[in-house]
Amino acid sequence: MAAWVEFLADDAMEGRSARHAGGRRAARCIARAFEDLGLEQVPGVRGWFQDVGTGLSPNVLGLVRGRDPGFLVISAHYDHLPPLEEGRDRIFNGADDNASGVAAVIELAGYFRRHARGGRRRGVSLLFAAFTGEELDLLGSEKFVTDPPVALAEIRGDINLDMISRGRRDLIFCEPGGSADRLLEAVLRANAALGELEVRVGDHPEWLEQSDQE
């Protein structure tokens with residue numbers, strides 16, 4: 001994960017803005033990672049990319065097929081901010097916001113693909129989404145829900161990962177919202193079995209309106 005954060009936050013990515021070449025470069029790199037991991041392309045989407053709009057980098061989507069009907073989305077936005085026009089340090093690297101979340105999405109995609117037996121995993125399919133345009137008022141995730149690549153009724157939930165690289169070690173903030181009781185229950189049950197993390201729930205409800213889960 002650290003290697004992915006360092007790669008995506010490098011000056012060469014120029015901040016990964018959705019309106020700039022660095023954003024399109026990041027999208028291609030994420031798509032290549034999905035392909036190398038053996039993910040499937042989402043039916044109905046052109047290759048790995050969901051077009052969002054003229055001049056914008058695309059959403060990047062990949063699938064780990066499940067045996068049961070339905071989808072769980074695991075998402076993070078990969079865009080950050082454009083470079084300043086002048087100055088010695090022009091690049092907003094965006095390591096925390098949100099190369100960290102994208103790194104987690106890629107690692108999770110690889111984990112679940114490796115543990116899928118016979119090409120499929122137990123349970124619903126996992127749709128991995130790297131959204132563009134979060135910094136431009138959630139344009140990528142808005143496109144995902146207004147022109148969904150799969151039926152919205154088939155989506156069981158979304159685990160969105162945004163700015164996960166800072167804070168006290170082994171502390172996780174979880175903001176489930178009013179409709180995510182089952183996801184929260186699963187998180188707490190898994191952590192009880194591991195006994196390794198402090199999961200704090202509901203400390204920052206304002207975060208629910210500040211990223212793609214909105």
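The values are calculated or read from the model by the stated rules, or taken from the named source; none is laboratory data. As the structure is a prediction and not an experimental result, all values here were calculated from the model. A quick note on method: Cβ atoms are made from the backbone with ideal geometry, for glycine too, and the neighbour counts reach across all protein chains shown. These area figures cover heavy atoms from the full protein model, side chains too; ligands, DNA and RNA do not enter into them. Shrake-Rupley method; radii C 1.70, N 1.55, O 1.52, S 1.80 Å.
Here is a check on your reading of the model: is Leu138 over 17 Å from the mean Cα position of the chain (by Cα) and among the aliphatic types (A, V, I, L, M)? Criteria not met by Leu138. Screening the range 65-169 for strands (runs of 3 or more DSSP E) wholly inside it with 3 or more residues that are open to solvent by less than 10 Å² (accessible area, probe 1.4 Å) and either touching a helix residue (DSSP H, G or I) at 6+ places or on another chain (Cβ under 8 Å) or of a type in the set (Gly, Ala, Ser) (or both) returns the ranges 71-77, 125-131. All conditions in (1) under 24 Å from Leu208 (Cα atoms); (2) touching a strand residue (DSSP E or B) at 6+ places or on another chain (Cβ under 7 Å); (3) without any contact (Cβ under 8 Å) to a residue 40 or more places away in the chain hold for Pro148, with the sole exception of (2).
The lone criterion from (1) in contact with a Phe, Trp or Tyr (Cβ under 6 Å, 6 or more places away or on another chain); (2) more than 25 Å from Ile106 (Cβ to Cβ) left unmet by Val150 is number (2). Could you list, in sequence order, all residues of the range 16-28 that are surrounded by 20 or more Cβ atoms within 10 Å (Cβ to Cβ) and within 17 Å of the chain's Cα centre (by Cα)? Arg16, Ser17, Ala18, Gly23, Ala26, Ala27, listed by residue number.
The residue pairs whose first member lies in the range 13-40 and is of a type in the set (Ser, Thr, Tyr), whose second member is surrounded by 21 or more Cβ atoms within 10 Å (Cβ to Cβ), and whose beta carbons are closer than 8 Å, counting only pairs six or more residues apart or on different chains, are Ser17/Gly23; Ser17/Asp79; Ser17/His80; Ser17/Glu135. Residues that are of a type in the set (Asp, Glu) and under 18 Å from Arg169 (Cα atoms) within the range 184-205 comprise Glu196, Glu198, Asp203, listed in sequence order. Looking only at residues in the range 170-202 that are in contact with a Gly (Cβ under 9 Å, 6 or more places away or on another chain) and assigned to a strand (DSSP E or B), the one that is most open to solvent (accessible area, probe 1.4 Å) is Phe173.
Filtered by the rule that a residue be at pLDDT below 95 and exposed (fewer than 14 other Cβ atoms within 10 Å of the Cβ), the range 32-46 gives Pro43, Gly44, Arg46.
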